[in-house]
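Student: Take a look at the following structure, please.
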Amino acid sequence: MSYLLPHLHKGFAVDQAILSEEDRVVIMRFGHDWDQTCMQMDEILSGSADQIKNFAVIYLIDVSEVPDFNTMYELYDPCTVMFFFRNKHIMIDLGTGNNNKINWAMSDKQEFIDIVEVVYRGARKGRGLVVSPKDYSTKYRY
């Protein structure tokens, strides 16, 4: 499903995507198109892209093609999703201890849309940290 979403191939393009968007949340998926986890997350991203297009934009970045951000954002997981608003990284408290990013593949499209809405509302109010509508600390108990 990654072919349905825009890819950024240079570090400069990533910076410009974050800098140029004034009114919408910029969602960056760092990873590889061939990775199984990224494939699952790309399906959720592409499925929700049309519903969140008014307040969010999604970009995909291959971490081996654009290694500029690997150490800065600690991109060691197979798939990482990060949120930015007006050139500011928006952290989200998911209950997992890592507030910087989502580093697993989500299984429900509506859950992801809810997270993006919370990020957008909190970022518009000037918050740098928002609380997720669902606690993912018990994710592996189900």
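Every read-out reported here was derived from the displayed coordinates using simple, explicitly stated rules and does not represent laboratory data. Keep in mind that what you see is a predicted model, and the values were worked out from it rather than measured. Reconstructed Cβ throughout: ideal geometry from the backbone, glycine too, with neighbour counts over all protein chains shown.
Student: Where in the range 1-92 are there chymotrypsin sites (Phe, Trp or Tyr not before Pro) that are in a DSSP coil and have at most 13 other Cβ atoms within 10 angstrom of their Cβ?
Tutor: Numbers: sites: 3, 12, 30, 34, 55, 59, 69, 73, 76, 83, 84, 85; in loops: 34, 55, 73, 76.
The qualifying sites are 34, 76.
Student: Let me ask you something else. If I build a Gaussian network model for the chain, linking alpha-carbon pairs within less than 10 angstrom, which residue out of 103, 87, 70 has the largest mean-square fluctuation?
Tutor: Among 103, 87, 70, the largest GNM mean-square fluctuation belongs to 70.
Student: Let me ask you something else. Counting other C-beta atoms within 10 Å, which of 48, 107 has the fewest, and how do the rest follow?
Tutor: Details: 48 22, 107 12.
The most exposed by this proxy come first: 107, 48.
Student: Using 0.36 nm times the number of residues separating residue 93 and residue 54, minus their current alpha carbon distance, what extension gain do you get? All intermediate terms of the calculation are to be shown ahead of the outcome.
Tutor: Values: separation 39, 0.36 × 39 = 14.04 nm, distance 2.36 nm.
Gain in length upon complete extension: 11.7 nm.
Student: Given a cut-off of under 8 Å on Cα pairs at least six residues apart, what relative contact order in percent is computed for the chain? Each step should come with its number before you reach the end.
Tutor: Working: 243 pairs, mean separation 39.8, N = 142.
After rounding, I find 28 percent.
Student: Can you compute log10 of I(q)/I(0) for the chain with the Debye formula, treating each Cα as one identical point scatterer, at q = 0.13 Å⁻¹?
Tutor: Once normalised to I(0) and log-transformed, intensities are -0.50.
Student: Return the loop-located trypsin sites (Lys or Arg not before Pro) in the range 1-70 (DSSP other than H, G, I, E, B) with at most 13 other Cβ atoms within 10 Å of their own Cβ; answer none if there are none.
Tutor: Numbers: sites: 10, 24, 29, 53; in loops: 10, 24, 53.
Answer by residue number: 10, 53.
Student: Once amide H atoms are placed 1.01 Å from N in the peptide plane, what residues at a sequence separation of 5 or more from residue 130, or on another chain, have their amide H within under 5 Å of its amide H?
Tutor: Amide H neighbours of residue 130, under 5 Å, 5+ apart: 91, 92, 93.
Student: Could you run the Debye sum over the Cα atoms of the range 31-74, one equal point scatterer each and no solvent, and tell me log10 of I(q)/I(0) at q = 0.23, 0.26, 0.32 Å⁻¹, two decimals?
Tutor: So the normalised log intensities are -0.87, -0.95, -1.05.
Student: In the range 17-61, what GluC sites (Glu not before Pro) fall in a loop by DSSP, with at most 13 other Cβ atoms inside 10 Å?
Tutor: Numbers: sites: 21, 22, 43; in loops: 21, 22.
Here the GluC sites (Glu not before Pro) that fit, given the DSSP loop and packing criteria, are 22.
Student: Can you give me the distance in nm between label points at residue 15 and residue 135, each placed 7 Å from the Cα along the Cα-to-Cβ direction?
Tutor: Placing both labels 7 Å beyond Cα along the Cβ direction yields 4.2 nm.
Student: Please give the charge dipole size of the chain, origin at the Cα centre, charges +1 on K and R Cβ atoms and -1 on D and E Cβ atoms. Round to the nearest 20 debye. Before the final figure, lay out the partial values.
Tutor: Values: 15 positive and 20 negative charges, 119 e Å.
Computed about the Cα centre, the dipole is about 560 debye.
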